[in-house]
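Reading through the structure tokens given below for one structure.
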Amino acid sequence: MTRRSAVAAGAARPLEALLAARPRHALVHAPTPIESLARTAARLSLGALDVKRDDCTGLVGGGNKARKLEFLIGDALAQRATCLITSGAVQSNHVRQTAGAAARVGLRCEAVLVRRVPVRTVAYESSGNVLLSRLLGASLHWADAPGDAPAMIDRVRAGAEGRGERPYVVGFGGSTPVGTLGYVECAREIVAHERAAGRTYDHVLVATGSGGTLAGLALGFALAGREAPLLGISVLDPEAEKHRAHVLGLAADAAAALGASFDARAARVEVDASCVGEGYGLYGAAVRDAIAIAAAEGLLLDPVYTGKAFAGLLRAAERGTIRAGDRVLFLHTGGLPGLFGYAADFAPPTSSRAPAVPT
Ligand SMILES: *Cc1c(COP(=O)(O)O)cnc(C)c1O
């Protein structure tokens, strides 16, 4: 009770205490570094364009799911689980990182890979995250349509229970209230960085898919009393308001899991769904351009998440949502292995000296 009132007052220490009270298993190299993209900032007339490198969280190639998995693995171990069951798209970073976390703590991992993206190349179905998830020992099950996944997850779970296992099901993208706490922790790192620097970013931008990353940041900023805007670039849901409501609901549920409260009306969270394009896992010229611009300053992005989010940043700067002189923090959520699933798109054998790319 005393904790709750202290958090409501916006004190930073009790937030640490609240997070510390949750079961958690250390997996993340934190705090992740923050770097500046000076040339891209100048090109966009920004005061600063900094990148928080959550692609460098350390676990099996990095990415945002590692932070959620610290709390999810803590919860699974507290429940004495013997195996993790999860699901994702074929090139799922979440499945890769879940497989890695399970391997780290000695749990078995089973994953349902859903063919939700209309890409059927050999690279897409066997390289990148698929290759790494297999290497990490995950048992992979294939669903031909998103509608098939729930029944398949139930079957995998029943099979595991039949073998005497205690399965722990990790929800979509790890975006349960418990998984979301990983991004409350990331928000704390950002606020600590801003306090040390003596100034606040005008905008924080991040890709949003299952919503836990954006929800955790929104909650963490609210609990720290940070009021600057947070912009989620949707990569999946084409309905911005619907996704925003989902994110705010998840933030409230995560607050309840912490024993804190969250005032959705006061949250400064926006969702931009204008970069979803043809849908999840599909992209066009704007995303390719964004990937090329970042690469030209030595930063690698992927086409499914961070490339779309960076395209959203470029668009916001063009539209004036982000203004000249603004200081921007882009949260890099990882996803590089997924790029290899789309290798043929990015390395067309146009020159006779280029190696042929099998598709
Ligand atoms: C899962 C993922 C996201 C989206 O995070 P959510 O918490 O699902 O919204 C963004 N970027 C990458 C690389 C991811 O793997």
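Out of T40, T98, T86, I need the residue that is open to solvent by less than 30 Å² (accessible area, probe 1.4 Å), under 29 Å from E194 (Cα atoms) and of a type in the set (S, T, Y). Which one? Give the derivation first.
Numbers: T98 fails: under 29 Å from E194 (Cα atoms); T86 fails: under 29 Å from E194 (Cα atoms).
Just one listed residue meets the conditions, T40.
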Output for the range 301-327, where each listed residue is touching a strand residue (DSSP E or B) at 6+ places or on another chain (Cβ under 9 Å) and surrounded by fewer than 24 Cβ atoms within 10 Å (Cβ to Cβ): R315, A316, A317, T321, D326, R327
Any pair with Cβ under 7 angstrom, 6 or more apart, that starts in the range 229-256 at a residue that is more than 24 Å from R327 (Cα to Cα) and ends at one that is open to solvent by 10 Å² or more (accessible area, probe 1.4 Å) and hydroxyl-bearing (S, T, Y): L236/Y280; L250/S175; A255/S261
Of all residues making up the range 87-136, the number that are away from the ligand (no atom under 15 Å from the Cβ) and more than 29 Å from G164 (Cβ to Cβ): 12
Odd one out for G159 among (1) within 13 Å of the ligand (Cβ to nearest atom); (2) over 22 Å from I322 (Cα atoms): (1)
Test set (1) on the phi > 0 side of the Ramachandran plot; (2) without any contact (Cβ under 8 Å) to a residue 40 or more places away in the chain - R134 fails condition number: (1)
Matching option when the condition is of a type in the set (D, E), closer than 30 Å to I34 by Cα and within 16 Å of the ligand (Cβ to nearest atom), among E189, E185: E185
Members of the range 194-228 that are touching a residue at least 60 places away in the same chain (Cβ under 8 Å), away from the ligand (no atom under 15 Å from the Cβ) and out of contact with any Asp or Glu (no Cβ under 9 Å at 6 or more places or on another chain): R199, L223, A224, G225
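The values are calculated or read from the model by the stated rules, or taken from the named source; none is laboratory data. All values reported here derive from a predicted model rather than from experimental measurement. Neighbour counts are summed over all protein chains in view; Cβ atoms, including those assigned to glycine, are modelled from backbone coordinates with ideal geometry. Keep in mind that these areas ignore ligands, DNA and RNA; they rest on the heavy atoms of the full protein, side chains included. Shrake-Rupley method; radii C 1.70, N 1.55, O 1.52, S 1.80 Å.
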